[in-house]
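Participant: Let me give you the structure first, and then I'll get to my questions.
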Protein chains: 2
Amino acid sequence: MRRRHLVALLALTGALLSLPALAAEQGKPTPTAKELLARSKPGEWRMPDPKNLLLMQLPQGRVVIELAPDFTPLHAANIRSLVRGHYFDGLAIIRVQDNFVTQWGDPNDDESGDKSKIRALGKASKTLPPEYTRPIDAKLPWTPLPDGDVYAPEVGFTEGFPAARDPASGQEWLTHCYGAVGVARDVDPQTGSGSSLYAVIGQAPRRLDRNLAIAGRVLEGMPLLSGLPRGAEPMGFYTKPSQRIAIASVRLVADMPAKERPAIEVLRTDSATFAALVDAKRNGRSAFYAEPPGKVDVCSIDVPVRESKSAAPAR
Amino acid sequence: MRRRHLVALLALTGALLSLPALAAEQGKPTPTAKELLARSKPGEWRMPDPKNLLLMQLPQGRVVIELAPDFTPLHAANIRSLVRGHYFDGLAIIRVQDNFVTQWGDPNDDESGDKSKIRALGKASKTLPPEYTRPIDAKLPWTPLPDGDVYAPEVGFTEGFPAARDPASGQEWLTHCYGAVGVARDVDPQTGSGSSLYAVIGQAPRRLDRNLAIAGRVLEGMPLLSGLPRGAEPMGFYTKPSQRIAIASVRLVADMPAKERPAIEVLRTDSATFAALVDAKRNGRSAFYAEPPGKVDVCSIDVPVRESKSAAPAR
């Protein structure tokens, strides 16, 4: 909402930040996210395991998804099976519902589709146990957030994923924040397989938490999923087949030649720099944002992703 | 995330909802939003005052915005002045930043623009007092939400707008939920005029609350603002002028011939049906959503808008 020339000015001189009387009255500006990231140490970044990374090739570019096998191991395994069988190649984005989700899969596995043309799942299972929640695992890293949550007793981050915990039930689960990749299903909770997936593209639909399995998170390419025309049919399905977006391929990065692998790193959510970024979201002051919120919602924190400077990941 | 054939089945027969053993075990399904709206009474709907309604014509269709003069009266008056001077006609959407905002205004009022071509504001003011918050007005309707909020001491709805209150400071303000229309500005809080506006298109950026003025809310046409390609420049500005989306016109509905006015009604947020919808969001059970969240966030509630069955609004 700043106009553009403001941003240019700020980029030219950090000194400007301390000039306005208003900001000076309210205390010194705090470091920006960019400044905090510039100070981060190499060990605070992790290279995602290539067997948990999917690369989906769309006409406009690539989408990189990290699977979450610690929360949905059966779905991760099934999706790997589907991908290795080239299941998604030639399928499509079939649905974009505003302020909700973008969904992809087999257009024929649908009321209006030709059932005789439904693609076989190969070695993958057609159904799986739900995997909506799991027992809290004290061995997984857990970075709690201090400001509470409308929906869950506790929220925080684990291994780069926003998540929630309920000490009373002893369960934890991934939360439906922007970019979460979930498993479409029919009414029966056993009907999800990973053959149709959705990404959250609007206000976090937290009512889906504990009702649907989250299989992963988009690390790169969200604009390619969110910046699409919305479908005009109920639930955002496209009216005409020609409106769908074709999926050229989905590959498991572990199966790709080293040179073709996306070389990206994710900031560790149990790192000091991530804690500083969260604090900046809560209490950051700048000349522009004079009134810090003092709080932050679990779905308002982006986990930074960057191009890796080192070699592509080994398998 | 249901597949499409599920939805078709549900539409065919409500009886299906009571069949699955799982749903039966967990209690009867609760009424759907559609069912609740079908039972609403005519008096629970209001026709927005046409002097608070803007109609923005884009190539793909119309966007209808309701101004919020009880919260930002000076901005409402200034925007009416701009619109009546045809200020926005021929300007453009200049910026779409993923998971944040779509912004429109004068492309030349920008670092890269031709300053000599900046459009004059006519009778409108170039600067305005901030209007970020206002003293709590007990005369305004207030429908509080029961589940708390990460950012504000109290949240609820007033006159169709999501809002927050702080009894300690005695202030209230509109919240940056999906579809909120805010006033772009430079660093100085006095620099907002309404000549450049933004709409929230992602996870509610609640840190903007009390730092920027909310001038209104999109009642119709959000998909036209949210389903746009994201700009590749910093902050989502478009790289080339040809990527911008032209605004054919913005009109005040009060100035339009009666037959051309959008005939839309908004559910009153102090109505029994709205309360029932909120409760359904919190505690609704269906065969699909077996685990109700029991809570709801202020930015996860859509205020229903429908085509009016009666005549177009009088001035």
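Participant: Would you check which residues across segment B:303-315 are charged (D, E, K, R) and modelled with pLDDT of 95 or more and list them?
Facilitator: Selection gives B:306 alone.
Participant: Here are some conditions: (1) at pLDDT 95 or above; (2) farther than 23 Å from residue A:176 by Cα. Residue B:192 meets all but one. Which one does it not meet?
Facilitator: Condition (1) is where residue B:192 drops out.
Participant: Right, another one. If we scan segment B:118-129, do we find a residue that is assigned by TED's automatic domain parsing to the domain that holds residue B:216, in a strand (DSSP E or B) and either within 30 Å of residue B:239 (Cβ to Cβ) or not aromatic (Phe, Trp, Tyr) (or both)? Before the answer, list the steps.
Facilitator: Applying the first criterion (assigned by TED's automatic domain parsing to the domain that holds residue B:216) to segment B:118-129 yields B:118-129.
Imposing the further condition that a residue be in a strand (DSSP E or B) reduces the set to none.
Taking every residue of segment B:118-129 in turn, none turns out to be assigned by TED's automatic domain parsing to the domain that holds residue B:216, in a strand (DSSP E or B) and either within 30 Å of residue B:239 (Cβ to Cβ) or not aromatic (Phe, Trp, Tyr) (or both).
Participant: Pairs needed: first member in segment A:80-101, crowded, with 18+ Cβ neighbours inside 10 Å; second member anywhere, among the hydroxyl-bearing types (Ser, Thr, Tyr) and assigned to a strand (DSSP E or B); C-beta distance under 8 Å; at least 6 residues apart or different chains.
Facilitator: Note: pairs meeting the criteria are A:88/A:249; A:93/A:102; A:95/A:102; A:95/A:198; A:96/A:102; A:101/A:198.
Participant: Moving on to the next point. Only one of B:287, B:215, B:246, B:276 is small (Gly, Ala, Ser), within 30 Å of residue A:237 (Cα to Cα), surrounded by 16 or more Cβ atoms within 10 Å (Cβ to Cβ) and modelled with pLDDT of 95 or more. Can you tell me which?
Facilitator: So the residue among B:287, B:215, B:246, B:276 that is small (Gly, Ala, Ser), within 30 Å of residue A:237 (Cα to Cα), surrounded by 16 or more Cβ atoms within 10 Å (Cβ to Cβ) and modelled with pLDDT of 95 or more is B:276.
Participant: Can you pull out every residue in segment A:190-229 that is farther than 29 Å from residue A:144 by Cα, in contact with a helix residue (DSSP H, G or I) (Cβ under 8 Å, 6 or more places away or on another chain) and within 8 Å of chain B (Cβ to nearest Cβ)?
Facilitator: If the condition is that a residue be farther than 29 Å from residue A:144 by Cα, in contact with a helix residue (DSSP H, G or I) (Cβ under 8 Å, 6 or more places away or on another chain) and within 8 Å of chain B (Cβ to nearest Cβ), then A:229 is the only one that fits.
Participant: I'd like the residue in segment A:230-254 that is in contact with a Lys or Arg (Cβ under 7 Å, 6 or more places away or on another chain) and in a loop (DSSP other than H, G, I, E, B) and, out of all such residues, is nearest to the other protein chains (Cβ to nearest Cβ).
Facilitator: A:231
Participant: Something else about it: Of the residues B:166, B:186, which single one is more than 15 Å from residue B:300 (Cα to Cα) and within 11 Å of another protein chain (Cβ to nearest Cβ)?
Facilitator: Of B:166, B:186, the one residue that is more than 15 Å from residue B:300 (Cα to Cα) and within 11 Å of another protein chain (Cβ to nearest Cβ) is B:186.
Participant: Go through B:180, B:204, B:199, B:168 for me and flag whichever is surrounded by fewer than 22 Cβ atoms within 10 Å (Cβ to Cβ) and either modelled with pLDDT of 95 or more or in the same structural domain as residue B:301 (by TED's automatic domain parsing) (or both).
Facilitator: Details: B:180 fails: surrounded by fewer than 22 Cβ atoms within 10 Å (Cβ to Cβ); B:204 fails: surrounded by fewer than 22 Cβ atoms within 10 Å (Cβ to Cβ); B:199 fails: surrounded by fewer than 22 Cβ atoms within 10 Å (Cβ to Cβ).
Just a single option satisfies the conditions, and that option is B:168.
Participant: Please verify whether residue A:10 is aliphatic (A, V, I, L, M) and either closer than 18 Å to residue A:79 by Cα or modelled with pLDDT of 95 or more (or both), treating the condition exactly as stated.
Facilitator: No.
Participant: Continuing with this model, one more query. What's the total number of residues in segment B:105-132 that are of a type outside the set (Asp, Glu), facing chain A (nearest Cβ under 9 Å) and surrounded by 17 or more Cβ atoms within 10 Å (Cβ to Cβ)?
Facilitator: Of the residues in segment B:105-132, 3 are of a type outside the set (Asp, Glu), facing chain A (nearest Cβ under 9 Å) and surrounded by 17 or more Cβ atoms within 10 Å (Cβ to Cβ).
Participant: Scan segment A:144-161 for residues that are buried (at least 18 other Cβ atoms within 10 Å of the Cβ), more than 11 Å from chain B (Cβ to nearest Cβ) and either closer than 20 Å to residue B:283 by Cα or of a type outside the set (Asp, Glu) (or both) and report the count.
Facilitator: Matching residues across segment A:144-161 total 5.
Participant: While we're looking at this one, here's another question. Could you list, in sequence order, the residues of segment A:91-117 that are under 16 Å from residue A:232 (Cβ atoms), touching a Lys or Arg at 6+ places or on another chain (Cβ under 6 Å) and of a type in the set (S, T, N, Q)?
Facilitator: Of everything in segment A:91-117, just one residue is under 16 Å from residue A:232 (Cβ atoms), touching a Lys or Arg at 6+ places or on another chain (Cβ under 6 Å) and of a type in the set (S, T, N, Q), namely A:103.
Participant: If we keep just the residues of segment A:249-273 that are out of contact with any Ser or Thr (no Cβ under 9 Å at 6 or more places or on another chain) and small (Gly, Ala, Ser), which is surrounded by the fewest Cβ atoms within 10 Å (Cβ to Cβ)?
Facilitator: The extreme case among them is A:258.
Participant: Now a separate question. Name the single residue that is nearest to the other protein chains (Cβ to nearest Cβ) among those in segment B:262-279 being touching a helix residue (DSSP H, G or I) at 6+ places or on another chain (Cβ under 6 Å) and among the small types (Gly, Ala, Ser).
Facilitator: Restricting to residues being touching a helix residue (DSSP H, G or I) at 6+ places or on another chain (Cβ under 6 Å) and among the small types (Gly, Ala, Ser), the top hit is B:276.
Participant: Got at least one residue in segment A:31-39 being under 12 Å from residue A:196 (Cα atoms) and more than 20 Å from the chain's Cα centre (by Cα)?
Facilitator: For segment A:31-39, residues under 12 Å from residue A:196 (Cα atoms) and more than 20 Å from the chain's Cα centre (by Cα): absent.
The values are calculated or read from the model by the stated rules, or taken from the named source; none is laboratory data. On a predicted model such as this, the values are computed, not experimentally measured, just so you know. With ideal geometry, Cβ positions are generated from the backbone for all residues, glycine too; neighbour counts draw on all protein chains shown.
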